[in-house]
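Engineer: Quick one: this structure, given as structure tokens, is what I'll be asking you about.
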Amino acid sequence: MRYAMAIDTRKCVGCSDCVVACQTENNVPHGYCRDWIVENVSGAYPIVEVELRSERCNHCENSPCVRCCPTGASHIVEGGIVMVTHDECIGCGACIQSCPYDARYSHPDGYVDKCTFCQHRLQKGQNTACVEVCPTKCLHFGDIEDPYSDVSLALKNRTWKVLAPEAGTKPQLYFLT
Amino acid sequence: MGAGATAIGLSTLNIAGLNLAKAASSDIPVSDEEMTSFPTYCEVCFWKCAGWAYVDKNKNIRKIIGNTEDPHCNGRLCPRGTGGVGMYTDEDRLKTPLIRETVNGEQVFRKASWEEALDLVASKMKDVAYKYGPASFALFNHGAPGSHFKHLLHAYGSENEGEPAWAQCRGPREVGFSATFGSWIGSPEPTDIRDTNCLVLIGSHIGENMHNGQVQEVADIIGRNATIITVDPRLSTVAAKSKYWLPIKPATDLALLLTWIHVLIYDNLYNKDYVEQYTMGFDLLKEHVKDMTPEWAYGITTIDPATIRKTAREMANAAPSVIVHPGRHVVWYGDDSQRERAIAILNALLGSWGKRGGFYFKESVAIPKYPHPAYPHPEWSWKDNLDGKYPLSSMAITTEMLAASIPEMGYKHQIKAWIVAGTNLPLTIPNKDLFKNAAEAVEFIAVVDTMPMEITGYADVVLPECTYLERYDTLRAAPHREPNVALRMPAVEPKYETKPSWWIAKQLGERLGLADYYNYDDYADVLDWQLKKMGTSLEEMRRIGIKKFDRQSGPLYLADGEEYHFNTNSGKIELYSTEFADLGFDPMPVFTKHPEPEDGFYRLIYGRAPMHTFSRTSNNHNLFDLMNENAVWVNPKVAELWDLKNGQMVHLKNQDGITSTFPVKVRVTERIRWDSVYMVHGFGHDNKKLTRSFGRGASDTQLITNVMVDPMMGGTGMRGNFVTFITDKPGKEAEA
Ligand code: SF4
Ligand code: SF4
Ligand code: SF4
């Protein structure tokens, strides 16, 4: 089993509902976030393209943050979710530096925090908070090894890209183009 | 961009002063089972999505989640609804009643008890009624609190109640569509986007305006590659997702609509059976648009004739499953009812009204009226003041009510005092002088709000309302495909000394000797009585939040060839409006040219961001985190001319010499035309009590001093304002 997320950039309107839903679900302190929106504009008026996408931790298969963590606080759990055990984290920030996606932040309580793929919800059979709230239903989540999961179905017959493939991290966020 | 600094690409923002003090010791998410959920419907905007407020054991509201049964949201609130918890937690909230006092020549607010504040408001109401008659006491309102104060004012003897929803927003479309189809559009719009094959948007930026169910349906049709045609001088989010983006020259939309009508008729693309069966005036219309060729429109709109023809053909191919969307905020140039008429006529020619994928026949459930004595007949109402002006205004015109508040304006009937509930007039009404002079002229102003919005600064008495999460309110029974009712109940006790509007209004009523109109102890009793009459109960609704009912009015759509009587003078869809003709207005829309910016000035276009509602959410911490200021969008060519850099702070000055109080960030972007600039509405707060949003961004409303009034319904056209950049003024104010 490997959890993954597909983000349909054609549907995303950049509303940031996924950001605020994550904040309320996961009690992320004000001024911080685990997911965020990127807008890319290309071309010149009036031939212009806009891409909007919701980003978060890529839960990389080959995760530099886990490798560089001196205490083992950063680790990988079932389904390939990259987690941080807060008690074991000394807040050194090595993982923040190593992440090509800038997905981690220093929590004011002294540890490093990031997207958990809402593991506490998955364990109860619920979907992630951001996927559940997205008004455009542009986020698809599930086991990418299951051909009938929402994420696998979303990837079928569509072109997609991953971010910073050159980093070789085998990221698990797929952006449908 | 990344985790930590909450940021969205379109505003290059940095959160200053991260909230380090907050010890988030309870960072572990609370599981849903350990919380209690209470039904509510959202008050962060007018879409009123039904949801559940989740409350933990310590009586903290942790999150708000959409109700899956609700057709307004389908279980998914928008960012503002999800962040609605920030309305409750905002530490800047109004906490106690306040009374204005003069101390050593200086005006200050002092805290007061409810008893004292209510006594004062009631005594002023008695006083005004005695001196000038109760009709001279007016109400300005928006949203749910309005209904409670309307009841109070009606019982007291005044019908002078106005909401910006009419003259500052959607009035023209109701006039245009009712002249054509004999029906208002209303809210939510009965646009059958879910099933459409072609959606045409005239400046409507769905996705930036986060009208939830509508945004969801647009996302659905993007998913199945339906045709979207967006007409907008700015590459809006939805324009970027459209098959066709028509980057029209601003203020020329009506020419485009008329030429589309021309093409549909002269290229024989219109829906002949539908037009024949349901409409009147076709030949007159045909003659009227004879010369309005795409070549004629090209010179006006800058949209090339081939694109005009192609897009008209796309609509015709999709018909009747096509929607030329009426839009919502449509007070632009003062001929807005006529532009909306042209939109309605296009829909009629395409045969989309009453058809799947066009406009469905909406239905709402009737809420039984809780018994009370008949209202007294008011001595006069806002309509009597118009002297025949704006004959199609079916709701009061706020700006006229303001003018009637200024004795020098010489209105027949004068307004002497106000209650303002849930609307921040200073950041809503264009032409600030009108508002200011009116506020200074009236004898008394009571403001009911949850936040220290700018309007509270003008109040004599401030009555702090609790948020929607802390109160019972009127039932929501908005029209939709399926009639339904939704309940709002308190999830927690009101914070501070705040009170629900129903309680405030009842207290005032009782002090005014109107106790007969308040024949209940708790508003929950009223709700239970109403719900029982509807075959449910408060108890059941607490469990389900929303209940749907069977339709009574017939199917959603017209069957092919079905007889149908439209509620117009002729009983037909009027391509030629007899109503307009009778009143001396153009029976068919005529294009007129609107003023253009002088050299060095740019047309000010404003709009919405998905994470904010007008000026009311900018201080909400959750939503502030998503967007904490607006920016002025500037085309790179213009930026080069002015040597403007991305992120630079500038002041804006309009054609009347008004300069923005605060500087605003420049966003250099290819997404806007070179003759216009764009800003998100609702920023530039100048009340220091809004500690987060004070001084952030600039207020578009402040720069709107040229108002082009719609002679048909009094709408305040606001898109005829032009701004230039002031780059040498220090940007200090922003950091104040
Ligand atoms: S909630 Fe959905 S549409 Fe909105 S920004 Fe997030 S991913 Fe995009
Ligand atoms: S999966 Fe959960 S933790 Fe990750 S961004 Fe979405 S809501 Fe936040
Ligand atoms: S659209 Fe958003 S803000 Fe408006 S009522 Fe629905 S959830 Fe609330």
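Laboratory data are not the source of any read-out in this text; all were calculated from the coordinates shown. Given the structure is predicted, the values throughout are model-derived calculations rather than measurements. Cβ: placed from backbone, ideal geometry, glycine included. Neighbour counts: every protein chain shown.
Engineer: Per-residue HN-Hα couplings for the stretch A:80-87, Karplus 6.51 cos²θ - 1.76 cosθ + 1.60 at θ = phi - 60°, whole Hz, x for Gly and Pro?
Structural biologist: Residue by residue, the stretch A:80-87 yields x, 6, 8, 10, 10, 7, 4, 4 Hz.
Engineer: Gaussian network model of chain A, Cα springs within a sub-10 Å range: biggest mean-square fluctuation belongs to which of A:G43, A:G14, A:G91?
Structural biologist: A:G43
Engineer: Continuing with this model, one more query. How many nm is it between the label spots at B:R511 and B:E540, if each spot is 7 Å from the Cα in line with the beta carbon?
Structural biologist: It is 4.0 nm.
Engineer: Here's another thing I want to ask about it. Pulled fully out, how much extra length does the chain show between B:T89 and B:E596, if you take 0.36 nm times their separation in residues and subtract their Cα-Cα distance? Show your work: numbers first, answer last.
Structural biologist: On the way: separation 507, 0.36 × 507 = 182.52 nm, distance 4.52 nm.
178.0 nm is the gain from fully extending B:T89 to B:E596.
Engineer: Same structure, new question: How shielded is B:81-87 by partner chains, expressed as the average number of their Cβ atoms within 10 Å of its Cβ atoms? Walk me through the numbers before you get to the answer.
Structural biologist: Working: counts 4, 14, 7, 2, 3, 4, 0.
Counting Cβ atoms of other protein chains within 10 Å of each residue's Cβ and averaging gives 5.
Engineer: Right, here's the next one. Add -39500 (n - 2.57) for each DSSP H run of 4 or more in chain B, then divide by its residues: what number comes out at 222 nm, to the nearest 500 deg cm²/dmol?
Structural biologist: On the way: 21 runs with 193 residues, N = 736.
Theoretical 222 nm ellipticity from helices: -7500 deg cm²/dmol.
Engineer: A further question on this structure: Could you work out the local net charge near A:V133, counting Lys and Arg as +1, Asp and Glu as -1, over the other residues with Cβ closer than 13 Å to its Cβ? Let's see the in-between values first.
Structural biologist: On the way: positive: A:R121, A:K137, B:K63, B:R76, B:R80; negative: A:D17, A:E25, A:D35, A:E132.
Neighbourhood net charge equals +1.
Engineer: Going by Cα centres, the stretch B:459-480 and the stretch A:84-134 are how many Å apart?
Structural biologist: Computed from Cα coordinates, the inter-centre distance equals 37 Å.
Engineer: With no solvent and one equal point scatterer per Cα, compute the Debye intensity ratio I(q)/I(0) for the protein assembly as shown at 0.05, 0.07, 0.09, 0.10 Å⁻¹ and report its log10, rounded to two decimals.
Structural biologist: Result of the Debye calculation: -0.28, -0.57, -0.98, -1.23.
Engineer: May I pose another question? In terms of Cα to Cα distance under 15 Å, which aspartates and glutamates are near enough to B:K548, apart from those fewer than 8 places away along the same chain?
Structural biologist: The qualifying aspartates and glutamates are B:E69, B:D70, B:E363, B:E482, B:E540.
Engineer: If you don't mind, another one. What 222 nm value per residue comes from the helices of chain A, counting each DSSP H run with n ≥ 4 as -39,500 (n - 2.57) and dividing by all residues, nearest 500 deg cm²/dmol?
Structural biologist: On the way: 6 runs with 35 residues, N = 177.
Value at 222 nm, helices only: -4500 deg cm²/dmol.
Engineer: Follow-up. How would the stretch B:613-736 be classified by its alpha-carbon gyration tensor: rounded, prolate or oblate, with rounded meaning a/c under 1.5 and the a/b versus b/c comparison settling the rest? Write down the numbers at each step before the final one.
Structural biologist: Numbers: a/c = 1.56, a/b = 1.05, b/c = 1.49.
Here the stretch B:613-736 falls in the oblate category.
Engineer: While we're here: Name the trypsin sites (Lys or Arg not before Pro) in the stretch A:74-136 that are in a loop by DSSP and that have at most 13 other C-beta atoms within 10 Å, would you?
Structural biologist: Numbers: sites: A:R104, A:K114, A:R121, A:K124; in loops: A:R104, A:K114, A:K124.
When the trypsin sites (Lys or Arg not before Pro) of the stretch A:74-136 are filtered for loop state and at most 13 Cβ neighbours within 10 Å, A:K124 remain.
Engineer: So which aspartates and glutamates can B:K495 reach, going by Cα to Cα under 13 Å and dropping same-chain residues fewer than 8 places off?
Structural biologist: List returned: B:D90, B:E91, B:D92, B:E465, B:E470.
Engineer: If the limit is 31 Å between Cα atoms, which of B:K48/B:K689; B:K241/B:K362; A:K11/B:K533 go over it? Spell out each step's value before the answer.
Structural biologist: Details: B:K48/B:K689 27 Å; B:K241/B:K362 28 Å; A:K11/B:K533 43 Å.
Checking Cα-Cα distances, A:K11/B:K533 exceed 31 Å.
Engineer: Measure out, as a whole number of angstrom, how far apart the alpha-carbon centroids of the stretch A:11-57 and the stretch B:291-317 sit.
Structural biologist: The distance from the Cα centre of the stretch A:11-57 to that of the stretch B:291-317 comes to 36 Å.
Engineer: Further, regarding this structure: What shape does chain B take by its C-alpha gyration tensor, where a ≥ b ≥ c are the square roots of the eigenvalues and a/c under 1.5 counts as rounded, a/b above b/c as prolate, and the rest as oblate?
Structural biologist: On the way: a/c = 1.38, a/b = 1.23, b/c = 1.12.
Rounded, since a/c falls under 1.5.
Engineer: If you don't mind, another one. Taking a cut-off of 12 Å between Cα atoms, list the aspartates and glutamates near B:K572, but don't count ones fewer than 8 places away on the same chain.
Structural biologist: Partners found: B:E276, B:E563.
Engineer: Can you list the trypsin sites (Lys or Arg not before Pro) in the stretch B:367-396 that are in a DSSP coil and have 14 or fewer other beta carbons within 10 angstrom? Can you show the working numbers first?
Structural biologist: Details: sites: B:K369, B:K383, B:K389; in loops: B:K369, B:K389.
Sites meeting the loop and neighbour criteria: B:K369, B:K389.
Engineer: Are there GluC sites (Glu not before Pro) in the stretch B:77-122 that DSSP puts in a loop and that have at most 15 other Cβ atoms within 10 Å, and which ones?
Structural biologist: Details: sites: B:E91, B:E101, B:E106, B:E115, B:E116; in loops: B:E91.
Within the stretch B:77-122, the qualifying GluC sites (Glu not before Pro) (loop, at most 15 other Cβ atoms within 10 Å) are B:E91.
Engineer: Using Cα pairs closer than 8 Å and at least 6 residues apart in sequence, work out the relative contact order for chain B, in percent. Walk me through the numbers before you get to the answer.
Structural biologist: Numbers: 1631 pairs, mean separation 139.2, N = 736.
Result for chain B is 19 percent.
Engineer: State, as an integer percentage, the relative contact order of chain A based on alpha-carbon contacts under 8 Å between residues 6 or more apart. Write out the running numbers ahead of the final one.
Structural biologist: Numbers: 349 pairs, mean separation 56.0, N = 177.
32 percent.
Engineer: Continuing with this model, one more query. Would you order B:E640, B:E497 from fewest to most other beta-carbon atoms within 10 Å of each residue's own beta-carbon? Display every interim value, and only then the final one.
Structural biologist: Details: B:E640 11, B:E497 15.
Taking fewest neighbouring Cβ atoms as first place, the list is B:E640, B:E497.
Engineer: Could you line up B:M35, B:M489, B:M87 from fewest to most neighbouring Cβ atoms inside 10 Å? All intermediate terms of the calculation are to be shown ahead of the outcome.
Structural biologist: Working: B:M35 18, B:M489 21, B:M87 27.
With the fewest neighbours first, B:M35, B:M489, B:M87 line up as B:M35, B:M489, B:M87.
Engineer: A further question on this structure: Order these by the 10 Å Cβ neighbour count, fewest first: B:L254, B:L98.
Structural biologist: Working: B:L254 27, B:L98 22.
Fewest-to-most Cβ neighbours within 10 Å comes out as B:L98, B:L254.
Engineer: Helix A:17-26 against the longest principal axis of chain A: what's the angle in degrees, Cα atoms only, rounded to the nearest 10?
Structural biologist: The two axes meet at around 20 degrees.
Engineer: Here's another thing I want to ask about it. Any idea how far apart B:D522 and B:K57 come out in nm if each label point goes 7 Å out from Cα toward Cβ?
Structural biologist: Placing both labels 7 Å along Cα→Cβ, they lie 2.6 nm apart.
Engineer: Quick check on the stretch B:143-187: take the gyration tensor over C-alpha atoms, sort the square-rooted eigenvalues as a ≥ b ≥ c, and tell me if it's rounded (a/c under 1.5), prolate or oblate. Walk me through the numbers on the way to the answer.
Structural biologist: Numbers: a/c = 2.73, a/b = 2.28, b/c = 1.20.
Here the stretch B:143-187 falls in the prolate category.
Engineer: In nm, give the distance between the simple-model label positions of A:K170 and B:S394, each being 7 Å from the Cα along the Cα-to-Cβ direction.
Structural biologist: Once both label points are built, they end up 6.4 nm from each other.
Engineer: Give me a single rounded figure for B:223-230: the average over its residues of other chain Cβ atoms within 10 Å of their Cβ. Don't skip to the answer; put the middle values down first.
Structural biologist: On the way: counts 6, 0, 1, 0, 0, 0, 0, 0.
Partner Cβ neighbours, averaged per residue: 1.
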